[in-house]
Amino acid sequence: MTSAQGAAMTTSVGRLSQLTRLADTAVALARHSTHGRVLVVRDLGTAGVERAVAMHAKLTKHDLQVRVLGPPEVIESAHRIGPTAALVIDLSSQGVGEADLLAAHLNIPLLAVDDEYSFLPQVDIAVVERTSDAIALRSSAHHDAALAQVAVSPLGPWSAIIMRLEDQIVHLRDAEIRVRRRHGFLEIDVSGPTGLRRYRGHRCRLEPVGGCFAVARDGLQRGELHGPLLLQVYARRFTAHLHRP
């Protein structure tokens, strides 16, 4: 056996044992939940699919229902899943963040591998509180939350809307508004006849004063805007069970 083959075998065994440890913890957590469904967020690429398939096989042996999601599917699926899941297993690359969004939105635990606590040799699993930002939508017709973005778009010509952002008041005409959350702030892109303008703040109030506007949350239409809409970034807390690598 060459040194390269030995290294590859060691890496493979390490990954398999890591999946086994995650699966064992997932089974224990699921047994303490009223729901037996486990959501697995996989990584992109062939390796990500293979790890997700292996995890799926380990969990179904224990009669758990498993749904595997790729990172691009997470946000749309989060609004459709409902309160039927016990936990989220994160097999995606560190720093991607979709699994955190899913766990926070569904208010269920996250299970992942994290080297943040590897300096504590006596700790195999660290149970910590994490936060994940979302965008609250509040109006007479909307009481909702967006995981990624909100869009407010004019439905016809001659539209006008007032945007109140912190201490700014901005009058907009025939403008498309895209709001995203980033590091505790709202990042707002306004596209109109004069080009693209960008704004940043913690909360934003949109008041239509002419024409009709459509509101979309995470790419899904949520109806028309007939009065003031308040958008505000807020942090949602969830519990994370973090394995050492």
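So is residue 160 small (Gly, Ala, Ser), more than 24 Å from the chain's Cα centre (by Cα) and surrounded by 15 or more Cβ atoms within 10 Å (Cβ to Cβ) or not?
In short, yes.
With respect to residue 77, determine if the residue is under 18 Å from residue 134 (Cβ atoms) and either charged (D, E, K, R) or surrounded by fewer than 22 Cβ atoms within 10 Å (Cβ to Cβ) (or both).
Against the criterion (under 18 Å from residue 134 (Cβ atoms) and either charged (D, E, K, R) or surrounded by fewer than 22 Cβ atoms within 10 Å (Cβ to Cβ) (or both)), residue 77 qualifies.
How many residues, within the stretch 175-199, are of a type in the set (Lys, Arg) and surrounded by 13 or more Cβ atoms within 10 Å (Cβ to Cβ)?
4
Tell me the residue from 181, 164 that is at pLDDT 95 or above and within 23 Å of residue 235 (Cβ to Cβ), please.
Unique residue meeting the criteria: 164.
Determine whether residue 153 is surrounded by 15 or more Cβ atoms within 10 Å (Cβ to Cβ), more than 20 Å from the chain's Cα centre (by Cα) and at pLDDT below 90.
Here the answer is no, as residue 153 does not meet what is asked.
Tell me the residue from 38, 27 that is within 22 Å of the chain's Cα centre (by Cα) and either outside any helix (DSSP H, G or I) or modelled with pLDDT of 85 or more (or both), please.
The unique qualifying residue is 38.
For the stretch 189-222, give me each residue that is in contact with a Gly (Cβ under 9 Å, 6 or more places away or on another chain) and farther than 12 Å from residue 135 by Cα.
207, 208, 211, 212, 214, 215
Pick from 237, 205, 181, 222: which is outside any loop (DSSP other than H, G, I, E, B), among the charged types (D, E, K, R), within 30 Å of residue 82 (Cα to Cα) and in contact with a helix residue (DSSP H, G or I) (Cβ under 8 Å, 6 or more places away or on another chain)?
237
Select from the stretch 52-77 the residues that are touching a residue at least 12 places away in the same chain (Cβ under 8 Å), within 19 Å of residue 29 (Cβ to Cβ) and in a helix (DSSP H, G or I) and list them in ascending order.
Correct list: 52, 54, 55, 56, 58, 59.
For the stretch 208-219, enumerate the residues that are of a type outside the set (Gly, Ala, Ser), out of contact with any helix residue (DSSP H, G or I) (no Cβ under 6 Å at 6 or more places or on another chain) and buried (at least 16 other Cβ atoms within 10 Å of the Cβ).
If the condition is that a residue be of a type outside the set (Gly, Ala, Ser), out of contact with any helix residue (DSSP H, G or I) (no Cβ under 6 Å at 6 or more places or on another chain) and buried (at least 16 other Cβ atoms within 10 Å of the Cβ), then 208, 213, 215, 217 are the ones that fit.
Condition (residue is out of contact with any strand residue (DSSP E or B) (no Cβ under 7 Å at 6 or more places or on another chain), modelled with pLDDT of 90 or more and of a type in the set (Asp, Glu)) applied to the stretch 46-67: is it met by at least one residue?
Yes, that holds for at least one residue.
Out of the residues in the stretch 184-196 that are without any contact (Cβ under 8 Å) to a residue 12 or more places away in the chain and not in a loop (DSSP other than H, G, I, E, B), which is nearest to residue 232 (Cα to Cα)?
Filtering the stretch 184-196 for residues that are without any contact (Cβ under 8 Å) to a residue 12 or more places away in the chain and not in a loop (DSSP other than H, G, I, E, B), the one nearest to residue 232 (Cα to Cα) comes out as 196.
For (1) outside the structural domain of residue 225 (by TED's automatic domain parsing); (2) at pLDDT 90 or above, each residue gets a yes or a no:
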{"position": "108", "(1), (2)": "yes, yes"}
{"position": "119", "(1), (2)": "yes, no"}
{"position": "127", "(1), (2)": "yes, no"}
{"position": "144", "(1), (2)": "no, no"}
{"position": "171", "(1), (2)": "no, yes"}
{"position": "174", "(1), (2)": "no, yes"}
{"position": "185", "(1), (2)": "no, yes"}
{"position": "201", "(1), (2)": "no, yes"}
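The values are calculated or read from the model by the stated rules, or taken from the named source; none is laboratory data. No experiment lies behind these values; they were computed from the predicted model shown. Quick reminder, even Gly has a Cβ in these numbers, built from the backbone with ideal geometry, and neighbours come from all protein chains shown.
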